[in-house]
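Below you'll find the structure, written out as structure tokens, and then a few comments.
Taken together, the values in this text are just the output of simple stated rules run on the coordinates, not laboratory data. Since we're looking at a predicted model, the values are computed, not measured. Don't worry about glycine lacking a Cβ; one is built from the backbone with ideal geometry, like all the others, and counts go over all protein chains shown.
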Amino acid sequence: MSKYPIFVFEGIEGTGKSTQIKSISIYLKKKRIPFIILREPGGSKNSEKIRKILLNKKSNFNPITDLLLYLASRSENIEKIINKNLYKKIILIDRFVYSTLAYQHYGMGINLKLIKYLNKLIIKKIKIKHIFLHTVDKKNLFLRLNNRKNKNRYDNFKYSFYDKVQKGFLKMLKNKNNVTIIDTRKSQKDNTNEILTIINKYI
């Protein structure tokens, strides 16, 4: 087992994924454990360019274009960042494969087999050690979205879309052995401790 695994943080908007990743990064720095953080879309230089296009509130892509742009961003990250750091540093990823399945299939209705095929083509033999799926209720979702200063295109969907996506996440992940459901109704500190307990088992 590698002491430098990949940990993925999944979930819809307003679930506190980025906050938890920040807390984990502070812990790893104190322990002097090498790590990198990636976000999707974004990450590498080219992926950040794609992110700006994808999340721009004026962008109006059809679902297939949306999917291909996300996968293009992921492909760049794998070549430029993930493969170069694999087994050398802990890799923390803010959204990955299951986000594409949840958003593009369960949210936007794109064929599931197509998404799985394209994902497999891109990620090849890369293995995720553990997934932290963050969930949020309707009240806290919109409370957090309303408090955001800089909103992007994905912050302005109707609740029915977010609900479909979150249910898609749960359908895919709730029974997997390497998945922990993080209920964001709990305190931030309690959730951080739960995540760190699991991460420490692997490293």
Next item on the list: Lys and Arg at +1, Asp and Glu at -1: add these up for the other residues within a Cβ distance under 9 Å of L133 and post the number.
Entry: 0
Checklist line | Lys, Arg +1 and Asp, Glu -1 on Cβ, resulting dipole of the stretch 52-130 about Cα centre, debye, nearest 20 | finding: 340 debye
Next item on the list: Read phi for every residue in the stretch 137-154 and hand back ³J(HN,Hα) as whole Hz from Karplus 6.51 cos²θ - 1.76 cosθ + 1.60, θ = phi - 60°, with x for Gly and Pro.
Entry: 8, 4, 4, 6, 4, 6, 4, 6, 5, 5, 8, 6, 7, 10, 8, 10, 4, 7
Item checked: Dipole-positive endmost among V97, I199, N178 within the chain (Cβ charges, Cα centre) -> I199
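Report, to one decimal in Å, the Kirkwood hydrodynamic radius for the stretch 97-181 based on all distinct Cα pairs. All intermediate terms of the calculation are to be shown ahead of the outcome.
Working: mean 1/r = 0.0700 Å⁻¹.
About 14.3 Å, per the Kirkwood formula over Cα pairs.
Rank these for me by crowding, T65, T135, going from fewest to most other beta carbons within 10 Å. Don't skip to the answer; put the middle values down first.
Details: T65 12, T135 19.
Least crowded to most crowded, the residues run T65, T135.
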Item checked: Distribution of pairwise C-alpha distances over the stretch 141-193, 5 Å bins, in % -> 4, 15, 18, 20, 24, 14, 4, 0
Next item on the list: Choose one of Y162, I53, L67: the residue whose Cα lies farthest towards the positive end of the charge dipole of the chain (beta-carbon charges +1 Lys, Arg; -1 Asp, Glu; about the Cα centre).
Entry: I53
Check: Plugging the Kirkwood radius over Cα pairs into Stokes-Einstein for the stretch 1-104, at a temperature of 25 °C and a viscosity of 0.890 mPa s, what D comes out in µm²/s?
Finding: 169 µm²/s
Next item on the list: Could you size up the charge dipole of the chain around its Cα centre, putting +1 on the beta carbon of Lys and Arg and -1 on that of Asp and Glu, and report it in debye to the nearest 20?
Entry: 440 debye
Margin query: From the gyration tensor of the Cα coordinates in the stretch 55-104, what semi-axes in whole Å does the equivalent ellipsoid have, largest first, with each one equal to sqrt(5λ)?
Written below: 25, 11, 10
Next item on the list: Rounded to the nearest Å, what's the spacing between the alpha carbon centres of the stretch 173-202 and the stretch 82-146? Just the number, please.
Entry: 16 Å
Item checked: Debye, to nearest 20: dipole size of the stretch 29-95, +1 on Lys, Arg Cβ, -1 on Asp, Glu Cβ -> 540 debye
Notebook entry, point to check: Arranged by the count of other C-beta atoms within 10 angstrom, fewest first, what order do F142, F35 take?
Noted result: F142, F35
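Based only on Cα atoms, what Rg/Rh ratio does the chain have, Rh being taken as Kirkwood's radius?
Numbers: Rg = 16.2 Å, Rh = 17.4 Å.
My calculation puts Rg/Rh at 0.93.
In whole Å and largest first, what semi-axes does the C-alpha gyration tensor of the stretch 90-131 yield when each eigenvalue is scaled by 5 and square-rooted? If you can, show how the numbers build up before the last one.
Values: eigenvalues 80, 35, 8 Å².
So the three semi-axes of the stretch 90-131 are 20, 13, 6 Å.
I need to check one value: relative contact order of the stretch 6-188, counting alpha carbon pairs closer than 8 Å and at least 6 residues apart, in percent.
On the way: 243 pairs, mean separation 65.3, N = 183.
Relative contact order comes out at 36 percent.
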Item checked: Bins of 10 Å from zero: percent of alpha-carbon pairs in the stretch 1-50 -> 20, 46, 31, 2
Next item on the list: Scan around V179 for amide H atoms under 5 Å from its own, H built in the peptide plane at 1.01 Å from N, and keep only partners 5 or more places away or cross-chain.
Entry: I131
Notebook entry, point to check: Which of these, L121, L145, L71, has the largest mean-square fluctuation under a Gaussian network model of the chain (Cα springs below 10 Å)?
Noted result: L121
Notebook entry, point to check: What list of ³J(HN,Hα) couplings, whole Hz, do you get for the stretch 66-77 from phi and the Karplus terms 6.51, -1.76, 1.60, once you set θ to phi - 60° and write x for glycine and proline?
Noted result: 3, 4, 5, 5, 4, 5, 5, 4, 5, 4, 5, 5
